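Everything on this sheet refers to the single structure shown next.
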Amino acid sequence: MNKSDKLRLNLFFNKVQNEDEHWYYEDVYFFGNTQSVLNARKIYELAYSLNYYAKGHSTSNKEWTTAVLNTLINALFVLVKKDIDLARRLDLILSENLNLTSDIYSFEKIRFNFMHNLIEYIFTQNNAKILRQFEFLQFENLIDLESGFRTAYDQVNEIYFHKD
């Protein structure tokens, strides 16, 4: 992205954050698809905003809730790669605010748990919980999910520990 595109992107999200606009489906998906080109501070601010908007505008619409959850979990992972301190702060906020008590959102629960354990691993260098999750995913024959998690784990090792 060139500077002009990044500026327009930031202006768009500033409108959403300043409540000149509300978080609509399109905004959630747009945020989800542009996270990698945003800086870490902006990702954190937008995820924070989206989390509290969704909390204050709870709905029984599964599609909306799934979109929000996946966008927030993806933001968490992008922050893990860009700024671990902001990732840790967002993880704490999401841990307190995400309502993942229903099994309707099992996939999101598994993904969020993995991100939480990944952050913990970065600070403790103890990968036992992550390895248990890999075993669980293998046992449940969730091979694609396991593969994605292993890729994330490898990326974290490369970024923080320079391991393959």
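The values are calculated or read from the model by the stated rules, or taken from the named source; none is laboratory data. Source: prediction; values computed, not measured. Quick reminder, even Gly has a Cβ in these numbers, built from the backbone with ideal geometry, and neighbours come from all protein chains shown. Areas reflect the complete protein model, heavy atoms only, side chains present, ligands, DNA and RNA absent. Shrake-Rupley method; radii C 1.70, N 1.55, O 1.52, S 1.80 Å.
Values computed for the structure shown
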{"read-out": "Verdict on LEU94 being at pLDDT below 95 and closer than 20 Å to SER36 by Cβ", "value": "yes"}
{"read-out": "Those residues of region 23-49 which are hydrophobic (A, V, I, L, M, F, W, C) and either more than 13 Å from PHE12 (Cα to Cα) or within 13 Å of the chain's Cα centre (by Cα) (or both), in sequence order", "value": "VAL28, PHE31, VAL37, ALA40, ILE43, LEU46, ALA47"}
{"read-out": "Some residue of region 27-41 being open to solvent by 70 Å² or more (accessible area, probe 1.4 Å), under 25 Å from SER58 (Cβ atoms) and touching a residue at least 40 places away in the same chain (Cβ under 8 Å)", "value": "yes"}
{"read-out": "Unmet requirement for ASN141, which otherwise passes all of (1) surrounded by 15 or more Cβ atoms within 10 Å (Cβ to Cβ); (2) over 24 Å from THR59 (Cβ atoms); (3) not hydrophobic (A, V, I, L, M, F, W, C)", "value": "(1)"}
{"read-out": "Residue within region 50-65 that is open to solvent by less than 90 Å² (accessible area, probe 1.4 Å), within 12 Å of the chain's Cα centre (by Cα) and either among the acidic types (Asp, Glu) or modelled with pLDDT under 95 (or both) present", "value": "yes"}
{"read-out": "Residue count for region 147-164, restricted to those that are within 17 Å of the chain's Cα centre (by Cα) and open to solvent by less than 20 Å² (accessible area, probe 1.4 Å)", "value": "3"}
{"read-out": "Test: PHE123 is part of a helix (DSSP H, G or I) and either without any contact (Cβ under 8 Å) to a residue 24 or more places away in the chain or crowded, with 20+ Cβ neighbours inside 10 Å (or both)", "value": "no"}
{"read-out": "Complete set of residues in region 95-111 that are open to solvent by 50 Å² or more (accessible area, probe 1.4 Å) and within 14 Å of LEU72 (Cα to Cα)", "value": "SER95, GLU96, ASN99, PHE107, LYS109"}
